[in-house]
Amino acid sequence: MGDTFVRSKVNLWGNDGGDTAAALIPYVKAPSAPLGIGNGAVEGGLIGPLAVSLPDNFTLLLVPEIDVLKDNTDNSRHGNYIFDINLSREVIKNVTAFVELWSEYNADPTQRATLASFDIALAWVFLPNTQLDFGANFGLTSATPAIQVYAGLSQRF
């Protein structure tokens, strides 16, 4: 059992239509994981995705995120800053290809870290509300894992 996350998505405009869409997603993490798995701290943040339709059925997604996290050595807090730039396009019916640049700067005073990766993925919607994902993330900094390969299954309820 891990920590519990509660979040809400507030659509600013463009919900399921239009050339652009934007939202705000505030979240709070409640420490429900045992120590050693979680850090025992309440943390939170704000995510602000912006989607833009481009020519030739491409979609550009910009996702800035700011988190307030517990420091590793005491109960102080620090900022964690994430930015994701994602370009996607349906390549065949129900299969979408993605390329992205992802970055994270963790401003923990004792363990500052800058991570970045170039990522590729495919998503196949094989049932109306079920999706299978395959992807790989390639690290661009020494602090980022060199390669991470993943697969996932998502079900919308």
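In contact (Cβ under 8 Å) with a residue 24 or more places away in the chain and in contact with a Lys or Arg (Cβ under 9 Å, 6 or more places away or on another chain): is that true of N86 in this structure?
Against the criterion (in contact (Cβ under 8 Å) with a residue 24 or more places away in the chain and in contact with a Lys or Arg (Cβ under 9 Å, 6 or more places away or on another chain)), N86 does not qualify.
How about the stretch 87-116: which of its residues are more than 13 Å from the chain's Cα centre (by Cα) and among the aromatic types (F, W, Y)?
Passing the criteria: F98, Y105.
Could you list, in sequence order, the residues of the stretch 3-31 that are of a type in the set (A, V, I, L, M, F, W, C) and closer than 18 Å to P64 by Cβ?
V10, L12, W13, A21, A22, A23, L24, I25 - these are the residues of the stretch 3-31 that are of a type in the set (A, V, I, L, M, F, W, C) and closer than 18 Å to P64 by Cβ.
If you check D133, D84, which single one turns out to be farther than 20 Å from V28 by Cα, assigned to a strand (DSSP E or B) and under 14 Å from the mean Cα position of the chain (by Cα)?
The conditions single out D84.
Could you list all residues from the stretch 1-38 that are assigned to a strand (DSSP E or B) and more than 30 Å from T73 (Cα to Cα)?
The answer is V10, N11, L12, W13, T20, A21, A22, A23, L24.
Which condition breaks for A41 when tested against (1) in a loop (DSSP other than H, G, I, E, B); (2) surrounded by fewer than 14 Cβ atoms within 10 Å (Cβ to Cβ)?
Here A41 meets the rest and fails (2).
Would you confirm whether or not the stretch 101-119 contains a residue that is part of a strand (DSSP E or B) and in contact with a helix residue (DSSP H, G or I) (Cβ under 7 Å, 6 or more places away or on another chain)?
Within the stretch 101-119 (the criterion being part of a strand (DSSP E or B) and in contact with a helix residue (DSSP H, G or I) (Cβ under 7 Å, 6 or more places away or on another chain)), the answer is no, since none of the residues qualifies.
Each row is one residue, and each column tells you yes or no for (1) within 24 Å of N72 (Cβ to Cβ); (2) surrounded by 11 or more Cβ atoms within 10 Å (Cβ to Cβ).
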site	(1), (2)
I82	yes, yes
R89	no, yes
N94	no, yes
W102	yes, yes
D119	no, yes
V125	no, yes
D133	no, yes
A151	no, no
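Name the single residue that is nearest to L62 (Cα to Cα) among those in the stretch 33-47 being of a type outside the set (D, E) and at pLDDT 95 or above.
I47
The values are calculated or read from the model by the stated rules, or taken from the named source; none is laboratory data. This structure is a prediction, so every number in the text was calculated from the model and none was measured. Cβ sites come from the backbone with ideal geometry, for glycine too, and all protein chains shown count toward neighbours.
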